[in-house]
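What follows is a short report on a single structure.
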Amino acid sequence: MKRSGIIFLVAVFALLFALNACDEGSSEEDGDKDDKNGKKTDNDDSDAGSDADGDTDTDTDTDTDTDTDTDTDTDTDTDSDSDIPPQPEEGTQDEGDYCYKNEHCMDGLYCHSFSMVTPDLDGHCAAVESADNWVVLGTVKDFVTREPVADATMKYKGALLTSTMGPNAGIDYTITSGSDGTFEEVKKRPNPASNRIGYVARVEKSGYYMSANGVSDPPYPGGVRNHEMLVVKTSDLTAWSETLADDTQMADYVPLGANGGALGAIKDIDTGEGVKGASLKSQSANSKAVIRYLNDAQDGFTDDVTGSSGIFLVVNPALAEKFDAFLGDQQINNGPATIGSTKGLIFMVDMPIEVDEL
């Protein structure tokens, strides 16, 4: 009995060993398999993890710990502008297609957008119901903080009359920004023959100096060209005027606003950040304009290049004088900024730059 019992136990162990060997052989023949958690195991990786003496290494985690689907976060943890679509080619976007300026849209369409710096992600090309209609839309923003400004009043008139008469220019119509700073109304399209230079909005709001913003220029497509109306706090304008008091070239132009002047900013169109180290140059060889740049501390001005805010000041420009932006010798703007000045108003202008394409 003892001998037969021992023989029986030996036979059982031999059978179990054979079955285990068969299981290992079949798993090798089956190739890659999914474990209970749904993760795929690779026989080649398991073999590579075996010990030299032939013992199988059970810690074969090299393929399941790679987490290639969760650890490669470089595509989702990029800068905040990663969701902004690439700039479309001009004239290529059809109705409903993304845009942030009229030039992106096909003939007969305009860009329905509330912002340009940074772009409105819902901006799209649209058509007007009538050739006489003109869609006036956008957002009123604080020039320095870029926060929306509610309950601001915009008074629209031709650029020539605004430049010559300032606050006393007539009013074609008035629009008021909503609680979120945005506005949208359908108005009568300006007559290009009587508004040959462009169309301007005078923007008023308590605590802010009255500003003038270019709205559009001929031939006036179905919607406005400029989707951001900027206003500057009276306190900011006063403080900047005081810092310029000792600048001999600025003596006839301060205080700003009362003696005219134009404030602008060279901005990264995707992020809204200022472009540092940029300069402004007139297209006119006979320009008498004087240009200054806000320093990094925003408590004074220099005469060489922009600080981190990208803000610049222009005084004594000619009527509708055009300027380009440069980084060193490289021109960086797609189109010129048209700048004017008149007493009693501070003109505002943005120069959005495609920094990624520089």
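Values computed for the structure shown
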quantity	calculated
Test: residue in region 177-190 that is closer than 22 Å to Val349 by Cβ and at pLDDT below 95	yes
Qualifying residue in region 273-286 (condition: closer than 23 Å to Val117 by Cβ, out of contact with any strand residue (DSSP E or B) (no Cβ under 8 Å at 6 or more places or on another chain) and of a type outside the set (Phe, Trp, Tyr))	yes
From the options Ala285, Ala278, Ala262, residue that is within 21 Å of the chain's Cα centre (by Cα) and modelled with pLDDT of 95 or more	Ala278
Given (1) modelled with pLDDT under 95; (2) open to solvent by less than 30 Å² (accessible area, probe 1.4 Å); (3) within 18 Å of the chain's Cα centre (by Cα), index of the condition Met116 fails	(2)
Of the criteria (1) crowded, with 19+ Cβ neighbours inside 10 Å; (2) out of contact with any strand residue (DSSP E or B) (no Cβ under 8 Å at 6 or more places or on another chain), which one Ile339 fails	(2)
Those residues of region 125-159 which are within 25 Å of Gln93 (Cβ to Cβ), modelled with pLDDT of 95 or more and of a type in the set (A, V, I, L, M), in sequence order	Ala126, Ala127, Val135, Val136, Leu137
Residue count for region 151-183, restricted to those that are in contact with a Gly (Cβ under 6 Å, 6 or more places away or on another chain) and either exposed (fewer than 14 other Cβ atoms within 10 Å of the Cβ) or part of a helix (DSSP H, G or I) (or both)	4
Gly277 surrounded by fewer than 21 Cβ atoms within 10 Å (Cβ to Cβ) and farther than 27 Å from Ser177 by Cβ	yes
Selection count, region 117-142, where residues are out of contact with any Asp or Glu (no Cβ under 8 Å at 6 or more places or on another chain) and not in a strand (DSSP E or B)	8
Residues that are among the charged types (D, E, K, R) and open to solvent by 10 Å² or more (accessible area, probe 1.4 Å), drawn from region 193-227	Arg196, Glu204, Lys205, Asp217, Arg225
All positions within region 237-255 that are open to solvent by less than 40 Å² (accessible area, probe 1.4 Å) and either modelled with pLDDT under 95 or closer than 14 Å to Pro317 by Cα (or both)	Met250
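Quick grid of which residues meet (1) within 22 Å of the chain's Cα centre (by Cα); (2) modelled with pLDDT of 95 or more; (3) not polar (S, T, N, Q); (4) not in a loop (DSSP other than H, G, I, E, B):
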residue	(1), (2), (3), (4)
Leu319	no, no, yes, no
Phe326	yes, yes, yes, yes
Gly335	yes, no, yes, no
Lys343	no, yes, yes, no
Val349	yes, yes, yes, yes
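The values are calculated or read from the model by the stated rules, or taken from the named source; none is laboratory data. Everything numeric in this text was worked out from a predicted model, so none of it was measured. A quick note on method: Cβ atoms are made from the backbone with ideal geometry, for glycine too, and the neighbour counts reach across all protein chains shown. Surface accessibility is based on the protein's heavy atoms, side chains included, excluding ligands, DNA and RNA. Shrake-Rupley method; radii C 1.70, N 1.55, O 1.52, S 1.80 Å.
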